[in-house]
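The values are calculated or read from the model by the stated rules, or taken from the named source; none is laboratory data. Predicted model, so just to flag it, every value in this text is computed and none were measured. All Cβ positions, even for glycine, are placed from backbone atoms using ideal geometry, and neighbour counts span all protein chains on display.
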Amino acid sequence: MLNILIIGATSAIAGEVAKRFAAEGARLYLLGRNTERLGRIAADLRIRGAESVQTTGFDAKDIESYEQILEKAHASLERFDVVLVAHGTLGDQKKCETSVEKTLHEIQINAVSTIAMLTIIANMMVKQKCGTLAIISSVAGDRGRPSNYVYGSAKAAVTTFCEGLRGRLFKSGVHVLTIKPGMVDTPMTEGMELPPMLMAKPEQVARDIVCAIRKKSDIIYTPWYWRYVMSGIVHIPEKFFKKMSL
Amino acid sequence: MILHGWGRYPTVDGKVYHPASPDEVRHLLHSHSDGVTPRGLGRSYGDSSLGGHMLDCRRLDHLLAFDARKGLLYCEAGVSLNDILEVFVPKGWFLPVTPGTRFVTVGGAIASDVHGKNHHVNGCFSEHIEFIELCLDEERILRCSRDEHPDLFRATCGGMGLSGMILSAAIQLKQIKSSFIDQTTYKANNLEESLELFEIHEDKPYSVAWIDCIAQGRSLGRSLLMTGDHAENGGLVPGKGERFTLPVDMPSMLLNKHSIKLFNTLYYHRVSGTSVSHRVHYEPFFYPLDSISDWNRMYGKNGFTQYQFVIPKAAGKKALSDILKTIAASGKGSFLAVLKAFGKRNENLLSFPMEGYTLALDFKIEKNLFPLLDSLDAMVLDHGGRLYLTKDARMCQETFRLGYPEWTKFQNVRERYGVRRGFQSLQSKRLGLD
């Protein structure tokens with residue numbers, strides 16, 4: 001039976017991952033902003049078969065509180081077999097361009113907060129010498145594009161941070177998994193004009209994540225075809241790339 | 001955003017909201033008091049889930065409580081039947097009633113008061129609902145059941161989402177020992193034999209017939225009748241899920257008189273003797289088409305409509321054969337038509353089933369289709385029948401009123417609870433339910 005901590009548990013992808021682990025009788029500890037919603041998610045996961053589900057409200061902006069919240073979670077689960085870091089926002093790129101405050105807020109939630117979280121969790125996991133730390137980054141971090149480079153640069157920071165962390169924790173028997181979802185049909189992307197052919201369902205992404213956790217993959221793109229899409233995009237010479245409106 | 005129902009006809013350019021909690025539903029009702037349309041997985045065929053402002057219930061998708069002794073499940077409206085099967089089949093529970101697709105929400109199943117292959121024994125979906133929680137406006141969330149606000153309950157079950165936004169419900173699941181079905185397929189050479197087979201097998205819990213609607217003359221109404229019951233053993237194995245996706249709209253030319261005739265003939269001759277028995281998993285038995293996602297694209301980019309009517313038992317063979325003859329003569333029939341004998345009707349004001357026979361067939365949208373359907377409408381009404389609102393995209397107000405004489409009571413209930421203005425759809429406007 002696995003002990004699983006999920007940060008940002010009210011997100012659509014994290015919710016689907018939680019359902020899969022619940023069906024196997026896992027013990028779950030959920031952190032999220034909306035406690036009312038967390039309560040309903042917990043009831044749902046118990047019915048689906050989770051051995052236990054605990055929830056704690058958390059505000060990503062309040063970095064001071066992380067240490068205490070994570071220690072409480074660790075004490076309650078006794079061990080982190082899997083930690084999924086899934087919190088984040090997808091802000092409005094256009095508004096960020098004219099607002100320092102909005103830009104920094106995006107960076108704060110999607111990069112600074114995640115990195116702070118990972119720093120604390122990494123040290124807890126080094127002590128237990130086992131477990132998997134899975135982080136939801138994004139294909140958007142692979143290359144800066146005019147349409148969402150604020151979000152993209154935050155995710156790029158997370159991706160690079162995880163790369164280094166993977167090497168460091170490997171020596172302690174702790175595995176780090178970087179997850180790069182493409183476009184997913186979630187409340188985060190609601191109302192955006194995205195090509196329906198490329199939209200994945202959260203269920204599909206969750207299946208890939210659980211599979212990657214099992215296989216101890218290092219970096220996954222989900223759905224799989226994003227690996228090839230991004231490898232194409234990454235190799236476009238900058239002098240052409242800057243003229244493209246991607 | 002351009003949206004359509006399962007038939008991909010008609011389409012609407014509307015706004016969709018995804019409330020994630022009862023509170024968010026209340027706020028949305030407050031800011032859109034001039035009318036919203038509840039929507040689930042969009043599997044109703046026509047325009048019943050379409051409107052200018054749609055409330056999508058799919059984020060209300062939590063299981064809230066389960067009484068493992070009684071098998072009573074309390075869950076939110078956006079939970080899909082597929083979800084229920086995935087969680088509860090391994091625990092030995094099954095849906096009390098299921099339509100031909102598992103990709104519908106609980107809210108949608110109640111609003112359409114769906115029926116399945118066991119209607120003649122177990123009735124509609126709503127007959128297994130203990131209570132419903134309904135949001136009427138920004139202030140009122142009401143619980144209704146056979147004892148509490150029974151008038152609202154009778155209007156909500158089968159009420160196409162026009163009596164409030166369903167938030168959650170309690171469903172009585174059915175105990176099973178196996179996820180397999182013992183199925184027998186019988187061959188009927190004509191309509192008379194088809195109807196006789198339904199009589200002979202009326203004690204079987206599940207029955208449905210695939211009917212060849214192209215065959216004429218002595219073979220008119222030939223069919224394969226499938227009956228089934230839950231097996232006693234074989235394990236509680238979950239399904240394999242979807243397998244194949246139709247990625248593009250098929251050119252609608254591919255569906256013509258000849259291809260449909262060929263398909264129907266091959267399908268009919270799948271069974272060579274008079275009957276054949278198998279043990280099959282519940283997925284292919286109940287949901288043969290769910291294995292092809294987006295199968296609705298088969299009918300091309302103009303979409304299709306499913307014509308489903310019921311006629312009272314007394315009208316029986318004569319009415320069905322008149323209607324089948326008209327369809328066969330038109331050459332417009334569909335791949336597979338489904339025939340089913342219904343049991344007794346329930347007390348809901350707009351529920352479709354009544355004791356008799358129901359026939360459902362797909363027609364791709366093309367020139368001259370609607371005049372044909374109008375003439376079928378007249379025949380159905382003539383025999384005291386009616387059309388299924390969940391499939392409908394085009395019937396006229398008069399056809400609706402004649403088929404559903406309790407529509408006035410339905411309007412009275414909506415008036416009484418003050419939801420007449422707050423909940424509407426393209427369909428409700430077309431049918432004069434405003």
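When the stretch B:4-47 is filtered for residues that are of a type in the set (A, V, I, L, M) and either in contact with a helix residue (DSSP H, G or I) (Cβ under 8 Å, 6 or more places away or on another chain) or buried (at least 21 other Cβ atoms within 10 Å of the Cβ) (or both), the ones remaining, listed by number, are B:V12, B:A20, B:V25, B:L29, B:V36, B:L41.
With respect to B:N302, determine if the residue is without any contact (Cβ under 8 Å) to a residue 40 or more places away in the chain, within 30 Å of B:G42 (Cβ to Cβ) and exposed (fewer than 15 other Cβ atoms within 10 Å of the Cβ). Criteria not met by B:N302. Taking the criterion of being surrounded by fewer than 18 Cβ atoms within 10 Å (Cβ to Cβ) and either over 30 Å from A:M244 (Cα atoms) or not hydroxyl-bearing (S, T, Y) (or both), the residues of the stretch A:127-156 that qualify are A:K127, A:Q128, A:K129, A:C130, A:R143, A:G144, A:R145, A:P146. Return yes or no: is B:L142 on the phi < 0 side of the Ramachandran plot and buried (at least 21 other Cβ atoms within 10 Å of the Cβ)? So B:L142 fails the test.
Out of the residues in the stretch A:223-246 that are closer than 26 Å to A:V82 by Cα and part of a loop (DSSP other than H, G, I, E, B), state the one that is nearest to the chain's Cα centre (by Cα).
For the stretch A:223-246, the residue satisfying everything is A:P223.
Every condition in (1) within 14 Å of chain B (Cβ to nearest Cβ); (2) of a type outside the set (F, W, Y); (3) under 26 Å from A:P181 (Cα atoms); (4) not in a loop (DSSP other than H, G, I, E, B) is met by A:I6 except one, and the failing one is (1). Any idea how many residues of the stretch B:83-113 are away from every other protein chain (no Cβ under 13 Å), under 19 Å from B:D229 (Cα atoms) and of a type in the set (V, I, T)? Selection size over the stretch B:83-113: 3. Determine whether the stretch B:39-52 contains at least one residue that is over 18 Å from the mean Cα position of the chain (by Cα) and without any contact (Cβ under 8 Å) to a residue 12 or more places away in the chain. No.
So, in the stretch A:20-36, of the ones that are of a type outside the set (A, V, I, L, M) and facing chain B (nearest Cβ under 9 Å), which residue ends up farthest from the chain's Cα centre (by Cα)?
Per the criteria, the residue is A:E36.
Residue-by-condition table, conditions (1) surrounded by fewer than 22 Cβ atoms within 10 Å (Cβ to Cβ); (2) in contact with a helix residue (DSSP H, G or I) (Cβ under 6 Å, 6 or more places away or on another chain):
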| site | (1), (2) |
| --- | --- |
| B:S272 | yes, no |
| B:S277 | yes, no |
| B:F286 | no, no |
| B:G316 | yes, no |
| B:L324 | no, no |
| B:G333 | no, yes |
| B:A337 | no, no |
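Note on the stretch B:375-434: enclosed helices (runs of 4 or more DSSP H) holding 2 or more residues that are among the aromatic types (F, W, Y) and modelled with pLDDT of 95 or more are B:407-416. Each residue in the stretch B:21-31 was checked for being more than 14 Å from every other protein chain (Cβ to nearest Cβ) and touching a residue at least 24 places away in the same chain (Cβ under 8 Å), and 2 of them qualify. Checked against (1) surrounded by 22 or more Cβ atoms within 10 Å (Cβ to Cβ); (2) of a type outside the set (A, V, I, L, M); (3) part of a loop (DSSP other than H, G, I, E, B), B:S194 passes all but a single condition, namely (3). Here the condition is being over 16 Å from the mean Cα position of the chain (by Cα), in contact (Cβ under 8 Å) with a residue 40 or more places away in the chain, closer than 30 Å to B:V280 by Cβ and crowded, with 19+ Cβ neighbours inside 10 Å; of B:L152, B:L85, it holds for B:L85 alone.
Residue by residue, here is whether (1) within 14 Å of chain B (Cβ to nearest Cβ); (2) hydroxyl-bearing (S, T, Y); (3) more than 22 Å from A:A22 (Cα to Cα); (4) part of a helix (DSSP H, G or I) holds:
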{"site": "A:L169", "(1), (2), (3), (4)": "no, no, yes, yes"}
{"site": "A:V205", "(1), (2), (3), (4)": "no, no, no, yes"}
{"site": "A:C211", "(1), (2), (3), (4)": "no, no, no, yes"}
{"site": "A:Y221", "(1), (2), (3), (4)": "no, yes, yes, no"}
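Picking from residues in the stretch B:57-82 that are of a type in the set (A, V, I, L, M) and within 11 Å of chain A (Cβ to nearest Cβ), the one that is surrounded by the fewest Cβ atoms within 10 Å (Cβ to Cβ) is B:A68. Residue count for the stretch A:78-96 satisfying the condition of being in contact (Cβ under 8 Å) with a residue 40 or more places away in the chain and within 15 Å of A:A154 (Cβ to Cβ): 9.
Any residue at all in the stretch A:37-55 that's surrounded by 18 or more Cβ atoms within 10 Å (Cβ to Cβ), away from chain B (no Cβ under 14 Å) and modelled with pLDDT of 95 or more? No. Scanning the stretch A:62-73 finds no residues that are surrounded by fewer than 22 Cβ atoms within 10 Å (Cβ to Cβ), in contact (Cβ under 8 Å) with a residue 40 or more places away in the chain, at negative phi and within 14 Å of another protein chain (Cβ to nearest Cβ). Examine the stretch B:13-20 for a residue that is among the β-branched types (V, I, T), under 18 Å from the mean Cα position of the chain (by Cα) and either away from chain A (no Cβ under 14 Å) or more than 28 Å from B:Y206 (Cβ to Cβ) (or both), and state whether such a residue exists. No, the stretch B:13-20 contains no residue that is among the β-branched types (V, I, T), under 18 Å from the mean Cα position of the chain (by Cα) and either away from chain A (no Cβ under 14 Å) or more than 28 Å from B:Y206 (Cβ to Cβ) (or both).
In the condition set (1) at pLDDT below 95; (2) within 14 Å of another protein chain (Cβ to nearest Cβ), A:T89 is compliant with all but (2).
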